[in-house]
1. In what sequence do 140, 109 fall when counting other Cβ within 10 Å, fewest first?
2. Which order do the peptides 237-248, 252-263 take when ranked by the mean count of other beta-carbon atoms within 10 Å per residue, highest first?
3. Helix 21-32: angle to the longest alpha-carbon principal axis of the chain, degrees 0 to 90, nearest 10?
4. Over all directions, the average projected area of the alpha-carbon convex hull for the chain comes to how many nm²?
5. Quick one: helix 65-76 against the long Cα principal axis of the chain, what's the angle to the nearest 10°, folded into 0 to 90?
6. Taking the Cα atoms only, what angle lies between the long axis of helix 190-199 and the longest principal axis of the chain, rounded to 10 degrees?
7. Counting only DSSP beta bridges with both residues in the range 124-236, tell me the antiparallel percent, nearest 5.
8. Going by how many other Cβ atoms sit within 10 Å of their own, how do 33, 133 line up, fewest first?
Ligand SMILES: Cc1cc2nc3c(=O)[nH]c(=O)nc-3n(C[C@H](O)[C@H](O)[C@H](O)COP(=O)(O)OP(=O)(O)OC[C@H]3O[C@@H](n4cnc5c(N)ncnc54)[C@H](O)[C@@H]3O)c2cc1C
């Protein structure tokens, strides 16, 4: 006797793609609205490096972002109607009338609303074992890690005016700042070059070949031309790519810089689809902003799911 195919599972109220601070915050709010929720997560995002957050309220000694994720998952585990699924969603289809279908590795799930919280892919300099340094002594954000690096030897890495600007801002925290282009091209404008020179910030046009250090803490980087640059911290200004592949499958509108366009309720251009966290450019890319956007997106989705008689107007 042949096995009968499994009956398709009932659609959940909300499917969330991404289990970082934005996705977990959205899931918690939805669970507490008594909505059924699935969170899909592959566990590789900005919140899975080694950084300790010192600017997230309520943790006097700071909190490692991976620990914050773990705490969020445990908080969510109190709600049996919310579940984290460790699968990479590879395809999406549908709309708010028919419902959305999410696909991964031969499985599929149905949801009435959809939340995208897939984050960004940072372009850190790549050299052997670079991941060990990311979040420990290789950073990108002054709001996150500038304070701890006051007065230290800082190497800013990037070849654009954005890198020059970050070097100038870091110079307000340390007088030991250098800039390394780490690129074939050098696109720093004459104006920014003059400002860097006036501040005494050397500009080196070379590329990183290797790093020397212990347990993710730099002692030096060695360049392709053989320079050995001693440093305590590297700030990478090489950009990031928003993870918008799934958003584009649903023809969700993007901003000119390629992030998912949302309004202040985190609604995208497609009804029933919300986006939160670093994937959007609504607020700065911080854990506090991701948690806020996730909560706001959840509230908007919850309202969207109400039958008409529960809505004002
Ligand atoms: C080195 C470093 C230091 C930082 N320091 C601070 C700090 O001190 N303070 C601060 O506030 N912020 C800091 N940040 C920024 C902070 O980590 C981000 O703002 C935050 O993680 C954004 O949360 P998110 O949920 O939007 O995205 P992420 O944390 O990137 O999570 C996205 C998740 O989506 C998953 N995902 C993506 N695509 C799929 C898919 N197709 N299917 C399933 N899952 C998918 C990924 O696996 C990932 O787990 C730092 C970032 C870095 C890199």
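1. Details: 140 23, 109 19.
Listed from fewest to most nearby Cβ atoms, that is 109, 140.
2. Values: 237-248: 17.6, 252-263: 16.1.
Packing proxy ranking, top to bottom: 237-248, 252-263.
3. The angle comes out near 20 degrees.
4. On the way: hull surface 83.2 nm².
The directionally averaged projection comes out at 20.8 nm².
5. Value to nearest ten degrees: 10.
6. 60
7. Working: 9 of 22 bridges.
Percent antiparallel among DSSP bridges in the range 124-236 is about 40.
8. Values: 33 17, 133 25.
Ascending number of Cβ neighbours within 10 Å: 33, 133.
Quick note: the coordinates plus some simple rules give every number you see, no bench work behind them. Bear in mind the structure is a predicted one, so any value in this text is a computation, not a measurement. We place every Cβ from the backbone using ideal geometry, glycine too, and count neighbours over all the protein chains shown.
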